[in-house]
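Contents: one structure, followed by commentary.
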Amino acid sequence: MSIMKKGDIVKMKNGGNAKILDEFGSGGQGTVYKVSYNGKEYALKWYHTDAFKGKEEEFYANLENNIAKGAPTEAFLWPLGITTVQNSSFGYIMEIRPAEYEELTNFFVGSKKKQQVRFKSFTAIATAAINIIQAFRELHNRGYSYQDINNGNFFINPTNGMVLICDNDNVSPFGTNLGIMGKQRWMAPEIVTLKSDPDKQSDRFSLAVVLFRLLFINHPLEGKYSTPPCMTKELEKRYYGSEPIFVYDPKDARNRPIPGTDRNLKLFWNVYPQYIRDLFVRAFSQEVMNKQKPRVLEKEWLDAFFRLRAETGNCPYCKNEMFYTAEGVNECFECKKKINKPAILLFKNYQLPVYIGMKVYLWHVDSTLEDIGTIAGEIVANPQNPQILGLRNTSSKTWKINLPDGRQKPLSPGSVVPIKDGFVIDFFGDNQSIATMKK
């Protein structure tokens, strides 16, 4: 029963039947159908009978375990229920992906049927990166590894950067592998060379590839050296496994981007801030790719992308997006006009520039709270004088404002404190989670 048709009935293990309504598509492991179950429509992934390589029982048990434990975050289209075994195969149901979410591949290339998808803004890109990173951070914190991160796993809303991650049936506890190695061009070098089984360290390499492609479209290891006229399995093993070279490796220029195919890469590599480029240079350094040094951790990526999103605002002249910085000259990369150096909010781990619309997330205030979604404050302009900026308290807590003369004033939710040199915001009243204003 590897192929089903409309009207077929599939028995669910926990009771009831799922009815086949339509087919979404088919891949290497199985076919995904639209089904009706308990009065609601779901997606059913039904496996091909040869998908398990002799590990059917282990795969089934692992799926049941994942279903019982539940999704690490809402970003995962997690298995919700498993079918009984029918005609030597089985499947599981999950929520249906909303239509406004696009497959990651569509952000890289277009086709005759569909134009290349583009993000609405740099803010949406940074938000997508944050959501992807946090999803895998939570997954790893729960003792899982994904083991097969690739372009087919992600669906992203190009307007707001919300993310859904599918194909979670390969997720396994640390130390467990069910025969899934990954997809070429996304696997870590040690997986390509068969030196290791997939784990959270190989996940971290694949995550870096996903993030690089989100920002720069091109692949981080594909340049003059690694793009031969005819690719073979032996060459794939060399370029992605035994001898990978980052296209912007500062010590090895052999694999620089190929002229004519590098427009996006060259453009965006020079647009994004240096600290973003530095993280990718480290992630794809020979020492890190060969595991002589540790892979970039999810927390480091999150700090970088939270900073990037906070530094992404609109140019006051042309209104296009630009990157503000608390250091050096601010120049719009669209109209090329220079903007006065902004005031800054000096946090424990951040220097955030002050401009209209900049949002302070709880992550900026205290990342140990593990909150990636709550906005604590927002920079606003004075209605009577737009040149005067202030920070509105958008949280549910009353802040304490420490003034330079030693006085202290409360700032209730919804109220605004003007941006003045030397003012100190105590967000939680603990003298630990603070931000100092500097003009």
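Points worth noting:
- Considering residues of region 232-250 that are basic (Lys, Arg) and more than 26 Å from Trp269 (Cα to Cα) only, the residue modelled with the highest pLDDT: Lys237
- Among residues of region 190-217, those that are over 21 Å from the mean Cα position of the chain (by Cα) and not in a loop (DSSP other than H, G, I, E, B), counted: 3
- Apart from one condition, Pro79 fits all of (1) within 17 Å of Glu23 (Cβ to Cβ); (2) assigned to a loop (DSSP other than H, G, I, E, B); the exception is (1).
- Any hit, region 98-116, residues being modelled with pLDDT of 95 or more, in a loop (DSSP other than H, G, I, E, B) and touching a strand residue (DSSP E or B) at 6+ places or on another chain (Cβ under 6 Å): yes
- Top-ranked residue of region 121-148 - restricted to ones that are open to solvent by less than 40 Å² (accessible area, probe 1.4 Å) and among the charged types (D, E, K, R), ranked as nearest to Val209 (Cα to Cα): Asp148
- Counting only helices (runs of 4 or more DSSP H) wholly contained in region 221-301, the ones carrying 2 or more residues that are under 19 Å from Arg185 (Cα atoms) and open to solvent by 80 Å² or more (accessible area, probe 1.4 Å) occupy 233-237.
- Screening Asn177 against (1) of a type outside the set (Val, Ile, Thr); (2) under 21 Å from the mean Cα position of the chain (by Cα); (3) over 21 Å from Arg118 (Cα atoms) leaves a single unmet condition, (2).
- The lone criterion from (1) open to solvent by 60 Å² or more (accessible area, probe 1.4 Å); (2) under 28 Å from Trp46 (Cα atoms); (3) charged (D, E, K, R); (4) in contact (Cβ under 8 Å) with a residue 24 or more places away in the chain left unmet by Arg118 is number (2).
- Subset of region 185-220 (residues that are among the hydroxyl-bearing types (Ser, Thr, Tyr) and surrounded by 21 or more Cβ atoms within 10 Å (Cβ to Cβ)): Ser202, Ser206
- Qualifying residues in region 153-184 (those that are in contact with a Gly (Cβ under 9 Å, 6 or more places away or on another chain) and open to solvent by 20 Å² or more (accessible area, probe 1.4 Å)) - the one farthest from Lys45 (Cα to Cα): Phe174
- Applying the condition of being open to solvent by less than 30 Å² (accessible area, probe 1.4 Å) and part of a loop (DSSP other than H, G, I, E, B) to region 396-421 and asking which residue is nearest to Leu345 (Cα to Cα) yields Ile419.
- Subset of region 42-76 [assigned to a helix (DSSP H, G or I), in contact with an Asp or Glu (Cβ under 8 Å, 6 or more places away or on another chain) and aliphatic (A, V, I, L, M)]: Leu63
- Positions within region 177-224 being among the hydroxyl-bearing types (Ser, Thr, Tyr) and within 29 Å of Tyr272 (Cα to Cα), in sequence order: Ser202, Ser206
The values are calculated or read from the model by the stated rules, or taken from the named source; none is laboratory data. The shown structure was predicted, so the numbers you read here are calculated from the model rather than taken from an experiment. As a convention, Cβ positions derive from the backbone with ideal geometry for all residues, glycine included, and neighbour counts pool all protein chains shown. The area values use the complete protein model at the heavy-atom level, side chains included, leaving out ligands, DNA and RNA. Shrake-Rupley method; radii C 1.70, N 1.55, O 1.52, S 1.80 Å.
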